[in-house]
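S.K.: Dropping the structure in here first, questions after.
The values are calculated or read from the model by the stated rules, or taken from the named source; none is laboratory data. None of the values given here were measured: they were computed from a predicted structure. Neighbour counts are summed over all protein chains in view; Cβ atoms, including those assigned to glycine, are modelled from backbone coordinates with ideal geometry. Calculation scope for accessible area: heavy atoms of the full protein, side chains included, ligands and nucleic acids excluded. Shrake-Rupley method; radii C 1.70, N 1.55, O 1.52, S 1.80 Å.
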Amino acid sequence: MSARDTILQRVRTALGAAGGDAARSRAVAARLAEAPAGIVPARGRLDGKARTDLFVEMAEKAAATVQRVRKPDSVPRAVAAYLRGRNLPAAVRMGDDPRLAAMPWDKVRALEIGRGAADPDDEVGVSHAYAGIAETGTVMVHSGADNPTGINFLPEHHIVVVDAADIEGDMEAVIARVRAGFGKGTMPRSLNLITGPSRSGDIEQTLLLGAHGPRAVHLIVIG
Amino acid sequence: MDIRSPAFKQSARAALSDAQLQRALGNVRTGFIDKRRQAVDALPEFDALRDSAKAIKDHTLAHLDLYLEAYEAKATEAGGHVHWAETAEDARRIVLDICRAAGARTVTKGKSMITEEIDLNAFLEAEGIRPVETDLGEYIIQLRNEHPSHIIAPAVHLNKDQVESDFRRVHDHLPAARDLSEPAALLGEARRVLRSQYFAADVGITGANFLVAETGTSIIVTNEGNGDLTQLLPRVHVVVASIEKLVPTLEDASQILRVLARSATGQDMSVYTTFSTGPRRPGDPDGPEEYHVVLLDNGRSSMLGSEFQDMLRCIRCGACMNHCPVYHAVGGHAYGWVYPGPMGAVLTPSLIGVDKSGHLPNASTFCGRCEAVCPMRIPLPKMMRHWREREFERGLNPAAQRYGLGLWAFFARRPRLYRFATSLAVPALAAMARGRGAFRRLPLAGGWTRHRDLPAPESRTFMQQWRDRSAGGETAAARGPEGLA
């Protein structure tokens, strides 16, 4: 008997369950099909401005910095201002995300834009969030041809553009969005929930920002 | 790793007199508890979420065979390879075969207790493959050739001067005059040293906090970002996960995530919660070309259906040990195997046998804080009692203890005789104490009086005092028991 069959057999024996028990199979199939939501905190049910404000508040609590702009066209200037404000070289890495590509980067003089997978020497990466989660100040990005995952982790500074219309109140709403976008039961290779910059408390429980991932996460919220 | 649990008493004694360790443990007693409290207080739904999380795991465990099959089908459909391992030995062999097929010389590792359980690092090294731990705490203890002393803060037993001297010893290519006096400097140095390792590694190995049956996804929850670099940059990603990590759906994972970080570090959400499904897709600019999952049983299936099944709900947050007075006093290494604290006191006997770890379920004051803070509502003290019963049934505890318990049981089953005996013993002890209220030494009680005084009983037994008060119309219960004998 294969290891697989042995383990499954042991589990069934321990549970007192026979292999072909239709009621158990139905219970599992129903759960997987319906994916019932559990308890959603009240703070996840805010709408409109209150929701965006909570998102900003929670992101800042997690040590991200947040800048609000009115429209997508303002993003390149906001990125340039961030670089200048921190004395960073005028160079960023980004994928071919169409929402980023549509922004007027040529309006920012001398900004060098690297495309494709991140390089260990990149200082600043720019991503566009698929969604935001207000209850925790989290942004969600995912892998794909236009979205190298390394941009989220290798640069010292990670700038994430979030459209306020993509900010959901709670995690369940973002899951519903993923299901609608990718199909039920299907996921991008990597789906990353990011809440603030990387950190470690491993030395004497002293919280330090900037462990192996970015030292700084800067969110540019549009709208 | 070697099992040192039988030496718990000696290890605990050594730990109590270890000044460095005691200084480091002070950080556990303060930091974790306050941070968890604040996070929990800020979420009114926290207790309801605990109930929800518990119900999800109970449901999953009751249908585990079916969820494992569903998970395997989805993970395979996404291009992943699912391997099944009955034992630690099987899991090590599977990982080695994957590494060999990838021609691996170096593997990076994200923090994972399951690879500690199967002692993967020592095995890979013996086979000529270099494992590099990338979590800061794990990296530090790997340099010291130690094991984690805490399941989420592996180096919590160390102070920064110890880390500094290890870094100076190992990173000898760096200038000796560099300043490493601050934790930030140590972190920066580890970051720079490990950066090159991620790119040099052929295989990246992580654990999983959850496996999602609905989508065939593995989830890791981290703060440093090392786990993500570990699974992103090498050509092959291997996930090692035990079978109880299953949850049915993404919603179910979401429920448990809400209690996980709050219970562990007091964060509302850990920095990185990463859902991985299969290998790199066509057109993806990065990501591993192969994605393997090793599903490990290693004793879990025999906990199912037993009085220890509830332990399989554990999500390894560490809250139980953060709140445990015994862990606070002796730290994690004294427990002598992979899992310390209350969860270790229950899990270790299940995995390596109570004959080798009987001290652990006895190393508890039964104060109940572990159960009170457990996000999955695992009745840890009750299960420690089950292990004590098993130990007694199998005649594993020392003869003196067994004889004493037998004697006590003889009296306890005969209430009249018991009351008569205590009515003689209590005044006798009270007289022996001669009004001092406590004994500094007492025959047959050396195990107690060596470390503290034994309080002397009042002159009359509890039952006698109760009778007197009830007769006097006073509510004895409201005054509380005095002289419990």
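S.K.: Using the Cα gyration tensor of the range B:413-479, with a ≥ b ≥ c the square roots of its eigenvalues, what is the shape: rounded (a/c below 1.5), prolate (a/b larger than b/c) or oblate (neither)? Write out the running numbers ahead of the final one.
M.R.: Details: a/c = 2.40, a/b = 1.70, b/c = 1.41.
Note, shape of the range B:413-479 comes out prolate.
S.K.: What ratio of Cα Rg to 2.2 N^0.38 Å holds for the range A:1-115?
M.R.: On the way: Rg = 25.8 Å, N = 115, 2.2 N^0.38 = 13.4 Å.
Cα Rg divided by the expected 2.2 N^0.38 Å: 1.93.
S.K.: When only Cα pairs under 8 Å and 6 or more residues apart are kept, what is the percent relative contact order across the range B:25-132?
M.R.: Numbers: 40 pairs, mean separation 18.8, N = 108.
So the answer I get is 17 percent.
S.K.: Considering only chain A, what is the antiparallel percent among its DSSP beta bridges, to the nearest 5? Write down the numbers at each step before the final one.
M.R.: On the way: 10 of 35 bridges.
That works out to approximately 30 percent antiparallel.
S.K.: For the interface of A with B, what's the total buried accessible surface in square angstrom, probe 1.4 angstrom, rounded to the nearest hundred?
M.R.: Values: alone 12650 and 22820 Å², together 28140 Å².
For A against B, buried area totals roughly 7300 Å².
S.K.: Something else now. A:ALA81 versus A:GLN67, label points 7 Å from Cα toward the beta carbon: distance in nm?
M.R.: The answer from the label model is 0.6 nm.
S.K.: Let me ask something else about it. Around B:ALA14, under 15 Å between beta carbons, what's the net of Lys plus Arg minus Asp minus Glu among the other residues? List each step's numbers first, then the result.
M.R.: Numbers: positive: B:ARG4, B:LYS9, B:ARG13; negative: B:ASP18, B:GLU146.
Combined, the nearby Lys, Arg, Asp and Glu give +1.
S.K.: Between the range B:35-70 and the range A:50-80, what's the alpha-carbon centroid distance in Å?
M.R.: Using only Cα atoms, the two centres lie 32 Å from each other.
S.K.: Can you tell me the alpha carbon radius of gyration of the range B:351-472 divided by the globular rule-of-thumb value 2.2 N^0.38 Å? Let's see the in-between values first.
M.R.: On the way: Rg = 18.3 Å, N = 122, 2.2 N^0.38 = 13.7 Å.
My calculation over the Cα atoms of the range B:351-472 gives 1.34.
S.K.: If you count only protein heavy atoms and use a 1.4 Å probe, how large is the accessible surface of B:THR461, to the nearest 10 Å²?
M.R.: B:THR461 has an accessible surface of roughly 10 Å² with all protein chains in place.
S.K.: In degrees between 0 and 90, to the nearest 10, how far off the longest principal axis of chain A does helix A:48-61 point, with axes built from Cα atoms?
M.R.: 80
S.K.: Moving on to the next point. Just to be sure I understand the interface: list residues from the range B:185-212 that lose 30 Å² or more of accessible area between the chain on its own and the complete protein assembly, 1.4 Å probe.
M.R.: Residues passing the criterion (a loss of at least 30 Å², heavy atoms only) are B:LEU187, B:ARG191, B:ARG195, B:PHE199.
S.K.: Please give the solvent-accessible surface of B:SER470 in Å², to the nearest 10, using a probe radius of 1.4 Å with every protein chain present.
M.R.: Here the residue's solvent-accessible area equals roughly 60 Å².
S.K.: If you don't mind, there's one more thing I want to ask. Largest first and to the nearest Å, give the Cα extent of the range B:285-410 along each principal axis.
M.R.: Taking max minus min along each principal axis of the Cα atoms, the range B:285-410 gives 73, 28, 25 Å.
S.K.: If you don't mind, there's one more thing I want to ask. Counting alpha carbon pairs within less than 8 Å and at least 6 residues apart, what relative contact order, in whole percent, applies to chain B?
M.R.: On the way: 800 pairs, mean separation 93.8, N = 485.
That works out to 19 percent.
S.K.: Moving to a separate point now. Compute the convex hull volume of the Cα atoms of the protein assembly as shown, divide it by the residue count, and report the result per residue in Å³ as a whole number.
M.R.: Numbers: hull volume 135.4 nm³, N = 708.
For the protein assembly as shown, the hull spanned by Cα atoms encloses 191 Å³ per residue.
S.K.: What trypsin sites (Lys or Arg not before Pro) does the range B:381-451 have in DSSP loop regions with at most 14 other beta carbons within 10 Å?
M.R.: Sites meeting the loop and neighbour criteria: B:ARG394, B:ARG413, B:ARG434, B:ARG436, B:ARG440, B:ARG441, B:ARG450.
S.K.: Leaving out ligands, DNA and RNA but keeping every protein chain, what accessible area does B:ARG37 have, in Å² rounded to the nearest 10, with a 1.4 Å probe?
M.R.: B:ARG37 has an accessible surface of roughly 120 Å² with all protein chains in place.
S.K.: Evaluate 2.2 N^0.38 Å with N set to the residue count of the range B:43-298, then give the Cα radius of gyration divided by it.
M.R.: Working: Rg = 18.7 Å, N = 256, 2.2 N^0.38 = 18.1 Å.
Ratio of Cα Rg to 2.2 N^0.38 Å: 1.03.
S.K.: For every helix of n ≥ 4 consecutive DSSP H residues, a contribution of -39,500 (n - 2.57) applies; sum these over the protein assembly as shown, divide by its total residues, and give [θ] at 222 nm rounded to the nearest 500 deg cm²/dmol.
M.R.: Details: 32 runs with 314 residues, N = 708.
Using -39500 (n - 2.57) per qualifying helix, the result is -13000 deg cm²/dmol.
S.K.: May I pose another question? Cβ under 12 Å from B:GLY216's Cβ, B:GLY216 left aside: what net charge do those residues give with Lys, Arg +1 and Asp, Glu -1?
M.R.: Combined, the nearby Lys, Arg, Asp and Glu give -2.
S.K.: Quick check: from the Cα gyration tensor, does the range A:182-223 come out rounded (a/c under 1.5), prolate or oblate?
M.R.: Oblate.
S.K.: Something else: Which angle between 0 and 90 degrees, to the nearest 10, do you get for helix B:380-393 versus the longest principal axis of chain B when only C-alpha atoms count?
M.R.: 70
S.K.: Let me ask something additional. Which Cys in chain B stand alone, with every other cysteine's Cβ at 4.7 Å or more from theirs?
M.R.: Lacking a cysteine Cβ partner under 4.7 Å: B:CYS99, B:CYS314, B:CYS317, B:CYS324, B:CYS367, B:CYS374.
S.K.: A further question on this structure: Positive end of the charge dipole of the range B:1-151 (Lys, Arg +1 and Asp, Glu -1 on Cβ, about the Cα centre): tell me which of B:ALA78, B:PHE123, B:ASN145 has its Cα farthest that way.
M.R.: Projecting each Cα onto the dipole axis, the largest value belongs to B:ASN145.
S.K.: Could you tell me what percent of the accessible area of the protein assembly as shown is made up of carbon and sulfur, with a 1.4 Å probe and every protein chain present?
M.R.: Values: 14860 of 28140 Å².
Solvent-exposed carbon and sulfur of the protein assembly as shown make up 53 percent of the total.
S.K.: Looking at the protein assembly as shown only, what percent of DSSP beta bridges run antiparallel? Nearest 5 please.
M.R.: The answer is about 35 percent antiparallel.
S.K.: By how many degrees, between 0 and 90 and to the nearest 10, does the Cα long axis of helix B:399-412 differ from the longest principal axis of chain B?
M.R.: Rounded to the nearest ten degrees, it is 50.
S.K.: Which pairs in the list B:LYS35/B:LYS111; B:LYS111/B:LYS160; B:LYS54/B:LYS356; A:LYS71/B:LYS109; B:LYS245/B:LYS382 are over 32 Å apart, alpha-carbon to alpha-carbon?
M.R.: Table pairs above 32 Å Cα-Cα are A:LYS71/B:LYS109.
S.K.: In whole angstrom, and with the biggest value first, how far do the Cα coordinates of chain B range along each principal axis?
M.R.: Per principal axis, max minus min of the Cα coordinates gives 87, 58, 45 Å.
S.K.: Moving on to the next point. With a 1.4 Å probe and every protein chain left in place, work out the accessible area per residue of chain B in Å², rounded to a whole number.
M.R.: I get 40 Å² per residue for chain B.
S.K.: Can you give me the convex hull volume of the Cα atoms of chain A, divided per residue and expressed in Å³?
M.R.: So the per-residue Cα hull volume is 190 Å³.
S.K.: Okay, moving on. What whole-number distance in Å separates the alpha-carbon centres of the range B:1-30 and the range B:249-314?
M.R.: 30
S.K.: With the Cα gyration tensor of the range A:99-162 in hand, convert its eigenvalues to equivalent ellipsoid semi-axes via √(5λ) and list them largest first in whole Å. Don't skip to the end; give the middle numbers.
M.R.: Numbers: eigenvalues 81, 45, 27 Å².
So the three semi-axes of the range A:99-162 are 20, 15, 12 Å.
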